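The values are calculated or read from the model by the stated rules, or taken from the named source; none is laboratory data. Owing to the predicted nature of the structure, the values given are computational and were not obtained by experimental measurement. Heads up, the Cβs are rebuilt from the backbone with ideal geometry, glycines too, and the neighbour counts pull from every protein chain shown. Please note that ligands, DNA and RNA were not included when accessible areas were found on the heavy atoms of the full protein model with its side chains. Shrake-Rupley method; radii C 1.70, N 1.55, O 1.52, S 1.80 Å.
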Amino acid sequence: MADLRLIYGFHAVTSRIRQNPDGVMEIYLQSQRQDPRMRDLIKLAEASGVRVIPVDGARLDGMAGGARHQGVAARVDAARRVQHLSDVLETLTEPPLLLVLDGIQDPHNLGACLRSADAFGVHAVIAPKDRAVGITATVEKVACGAAETVPYITVTNLARTLRELKEQGIWVVGAAGEAQQDLHSFKHTGALALVLGAEGEGLRRLTMETCDELVRIPMLGSVESLNVSVSTGICLFEARRQRMAGS
């Protein structure tokens, strides 16, 4: 029996059909909407063999729990395509660039982090199974398709996973406001795992102690910290910039 859940929004639904059409059971489209974007989605669904069900806006509102669905929802198989990090690492032709998220609770933040991960070529996102939001319909919508393109791997023990990464020659770097070294002076173009902490709390003590190194984002204004998704984008941009400059 498939583990089904609902996703909504044009980006999330379109990306899921393109990436994994067999995992899309059916899509629900607002019958009152007949614009070109909707017609393109219908063509894509029909070409991929996905069942299309016209419904009224009130039903979609109820299905999405009041969230902005853009007139589109889909029932999909919730099973993730990649279950183990080794499945990702074995296929790489460049040093791995990994993003580790230590307990993100807000689905909007996780969605934004996944979007940045996709933009900067992250090979996989790693997160703990417990005390973290996981992939939800809101995450899928905010991620604008990145939840389908970037492997999202959950682990039981994050500190143990970080130690295993280190044993494989992957340098583990945590972002922390109290770090002595700033992000721009840190130089590393090899195998790298960037670790960012939860909203407000930052990295947990054991996670921080397991990192090879800590870096901070230089702050020039009066605020003491940035949103985790903003910090993620800055750190990934710098990591990818260094790789491009080094090549």
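Projected label points at residue 42 and residue 241, each 7 Å from Cα along the beta carbon direction, are separated by 4.7 nanometres. Note on residue 5 and residue 167: with the Förster distance fixed at 30 Å, the Cβ-Cβ geometry gives a FRET efficiency of about 0.30. Think of segment 158-200 as having a plus end and a minus end, set by charges on the Cβ of Lys, Arg, Asp and Glu; of 168, 194, 158, 168 sits farthest toward the positive end of this dipole. When the chain is treated as a Gaussian network with alpha carbon springs shorter than 10 Å, the biggest mean-square fluctuation among 124, 147, 132 belongs to 132. For the chain, modelled as a GNM whose springs connect Cα atoms under 10 angstrom apart, the maximal fluctuation among 87, 212, 61 occurs at 87.
Can you tell me the accessible area per residue over segment 170-247, all protein chains present, probe 1.4 angstrom, in square angstrom? Spell out each step's value before the answer.
Details: 4120 Å² over 78 residues.
Result: 53 Å² per residue.
Accessible area per residue (1.4 Å probe, heavy atoms of protein chains only) ranks 44, 165 as 44, 165, with the largest value leading. By accessible area, using a 1.4 Å probe on protein heavy atoms only, the chain has 49% of its surface on carbon and sulfur. Kirkwood's formula applied to the C-alpha pairs of segment 153-208 gives a hydrodynamic radius of 12.4 angstrom.
With r defined as the distance between the Cβ atoms of residue 63 and residue 108 and R0 fixed at 25 Å, what FRET efficiency is calculated, to the nearest 0.05?
Numbers: r = 20 Å, r/R0 = 0.79.
The pair residue 63/residue 108 has a calculated efficiency of 0.80.
Calculated [222 nm] ellipticity per residue, helices only, for the chain: -11000 deg cm²/dmol; basis is -39500 (n - 2.57) per DSSP H run with n ≥ 4, divided by all residues, nearest 500. For segment 44-143, the per residue solvent-accessible surface stands at 46 Å², with DNA, RNA and ligands left out and a 1.4 Å probe. Mean separation of Cα pairs under 8 Å and 6 or more residues apart, divided by the residue count, gives segment 10-59 a relative contact order of 45 percent.
DSSP finds beta bridges in the chain, and of those with both partners inside it, around 30 percent are antiparallel.
Across segment 101-182, Cα pairs under 8 Å and at least six residues apart give a relative contact order of 32 percent. Globularity index of segment 108-219 is 1.06 (Cα radius of gyration / 2.2 N^0.38 Å, N = number of residues).
Mean separation of Cα pairs under 8 Å and 6+ residues apart, divided by the residue count of the chain: what relative contact order is that in percent?
Numbers: 456 pairs, mean separation 49.9, N = 247.
Contact order relative to length: 20 percent.
Take every DSSP beta bridge whose two residues both sit in segment 1-82; close to 65 percent of them are antiparallel.
For segment 1-156, the equivalent ellipsoid derived from the alpha-carbon gyration tensor has semi-axes of 28, 17, 14 Å in decreasing order.
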